[in-house]
Amino acid sequence: MVSISEEAIEEIKNVMEAEGLENSYLRIYISGVNCSGVQFGLALDDEVREGDVKTEIGGINVVYEEILEDYLKDIEISVIDTEFGKRFLIKTSSPDFCGSCGGC
């Protein structure tokens, strides 16, 4: 199951409020796949699509495609401070891919 740290929940709510999108959904999606594994992205979305799973985490409505459920079992969303400001970090404890391309 997806988990979101308390700090990330507050930051997501702050972004939603600042953008006037308090009623939006936090969408988790696959942004890419490489020999290091699946890379996930986050976006604010105003609709639930056919085939989406909808859940609530810490007062945030979260959606993702049903086919992603196995990938999202152990996803943890947190916030890190960088020299460029706060950033969301999406971690998984699933084994990395590797050996499937010439870049490894």
Can you pull out every residue in the range 45-91 that is in a strand (DSSP E or B), under 16 Å from V2 (Cβ atoms) and among the aliphatic types (A, V, I, L, M)?
V53, I57, I60, V62, V63, I75, I77, V79, L89, I90
Taking the residues in the range 1-42 that are part of a loop (DSSP other than H, G, I, E, B), over 11 Å from the mean Cα position of the chain (by Cα) and among the hydrophobic types (A, V, I, L, M, F, W, C) as candidates, determine which candidate is farthest from K86 (Cα to Cα).
C35
Over the range 56-74, the set of residues surrounded by 13 or more Cβ atoms within 10 Å (Cβ to Cβ) and closer than 16 Å to Y25 by Cβ is I57, G58, I60, N61, V62, V63, Y64, E65, L68, L72
When (1) small (G, A, S); (2) surrounded by 12 or more Cβ atoms within 10 Å (Cβ to Cβ); (3) touching a Gly at 6+ places or on another chain (Cβ under 9 Å) are applied to S78, the one that fails is (3)
In the set A18, A43, the lone residue that is over 24 Å from S93 (Cα atoms) and at pLDDT 95 or above is A18
Total residues in the range 52-73, condition of a type in the set (A, V, I, L, M, F, W, C), within 12 Å of the chain's Cα centre (by Cα) and farther than 13 Å from K13 by Cβ:
3
Counted residues in the range 18-32 being surrounded by 13 or more Cβ atoms within 10 Å (Cβ to Cβ) and either at positive phi or polar (S, T, N, Q) (or both) come to 1
Criterion violated by C35 - all others in (1) in contact with a Phe, Trp or Tyr (Cβ under 6 Å, 6 or more places away or on another chain); (2) surrounded by 14 or more Cβ atoms within 10 Å (Cβ to Cβ); (3) not β-branched (V, I, T) satisfied:
(2)
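The values are calculated or read from the model by the stated rules, or taken from the named source; none is laboratory data. Model, not experiment: these values are computed from the prediction. Quick reminder, even Gly has a Cβ in these numbers, built from the backbone with ideal geometry, and neighbours come from all protein chains shown.
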